[in-house]
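The values are calculated or read from the model by the stated rules, or taken from the named source; none is laboratory data. Note that this is a predicted model, so its numbers are computed, not measured. Note that we place each Cβ from the backbone using ideal geometry, even for glycine, and neighbour counts take in every protein chain shown. Protein only, heavy atoms only, side chains kept; ligands, DNA and RNA dropped before computing areas. Shrake-Rupley method; radii C 1.70, N 1.55, O 1.52, S 1.80 Å.
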Amino acid sequence: MGDYMEKSRYKELVNKHQPTETRSQNAFVAFVTGGIVGVIGQLLTEFYAVFFDISTKDASTFMLVSLIFLASLFTALGFFDKWVTFCKCGLIIPITGFAHSMTSAGIEYRKEGPIFGLGSNIFKLAGSVILYGVVSAWFFGILRLIIMGG
């Protein structure tokens, strides 16, 4: 019986000191910051289209490269993690999150060498995103083929 009391007391202490999470606030912050990333992406696309006198489609490629570069640079400089802590999925869901996961894994394992460190671990965090992205694209492609009929 004493063992049960210790476990219940422990659980009570854990619940008392566990940080509270406000899901609605997290969702709002992620929505707003994700929207800001979208606006920045659109502004970059428009800038590149006008500055280089290219199509919007080509300017979108420049925009993606810019966002990937900035997310990787800010991760390497060490302050992108702080932004992600605040912005939550607003920065993780867009392409910036993919770049962040690849860069942070590369930085973490660089000391183990180019093969066993970087090469073996760079897709550690991003691998699941790639896997489930490919699987879901295949599934929805088959679904579209069935619904649309060839």
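For the chain, the 222 nm mean residue ellipticity estimated from helices alone, with every DSSP H stretch of n ≥ 4 adding -39500 (n - 2.57) and the total spread over all residues, rounds to -26000 deg cm²/dmol.
Under the definition of Cα pairs under 8 Å and six or more residues apart, what whole-number percent is the relative contact order of the chain? Please report the intermediate quantities before stating the final value.
Values: 103 pairs, mean separation 27.5, N = 150.
Normalised by residue count, the contact order of the chain is 18 percent.
Rank Gly133, Leu13, Tyr109 by how far each Cα sits towards the positive end of the charge dipole of the chain (+1 on Lys, Arg Cβ; -1 on Asp, Glu Cβ) and give me just the farthest. Most positive-ward Cα: Leu13. Under a model in which nothing but the beta-carbon of Lys, Arg (+1) and Asp, Glu (-1) is charged, the chain shows a dipole of about 340 debye around its Cα centre.
Of the listed residues Val37, Val50, Val32, the order by accessible area with a 1.4 Å probe, largest first, is Val50, Val32, Val37. The distance between label points at Val50 and Leu145 comes to 4.4 nm (points 7 Å beyond Cα on the Cα→Cβ vector). Dipole orientation for region 14-82: of the candidates Ser24, Thr45, Ala59, Ser24 has the Cα lying most toward the positive pole (charges on Cβ; Lys, Arg +1; Asp, Glu -1).
With semi-axes defined as the square roots of five times the eigenvalues of the C-alpha gyration tensor, the equivalent ellipsoid of the chain measures 37, 23, 21 Å, largest first.
Take the solvent-accessible surface of the protein heavy atoms, probe 1.4 Å, and return the percent of it on the chain that carbon and sulfur atoms account for. Mind dumping the intermediate values first?
On the way: 7930 of 11400 Å².
The computed percentage sits at 70.
Suppose R0 equals 35 Å. What FRET efficiency, 1/(1 + (r/R0)^6) with r the Cβ-Cβ distance, do Ser128 and His17 give to the nearest 0.05? Numbers along the way, then the final one.
Details: r = 31 Å, r/R0 = 0.88.
For Ser128 and His17, the calculated efficiency is 0.70.
Going by accessible surface with a 1.4 Å probe and the largest first, Arg23, Arg144 read Arg23, Arg144. The HN-Hα couplings worked out from phi for region 133-149 by the Karplus form 6.51 cos²θ - 1.76 cosθ + 1.60 (θ = phi - 60°) are x, 5, 5, 5, 5, 4, 4, 6, x, 5, 4, 5, 4, 5, 5, 7, x Hz, whole numbers, x standing for Gly and Pro.
Taking every lysine pair in the chain that is 8 or more places apart or spans two chains, those with Cα atoms closer than 27 Å amount to 7. Surface analysis of the chain yields an accessible area of 76 Å² per residue, using protein heavy atoms and a 1.4 Å probe.
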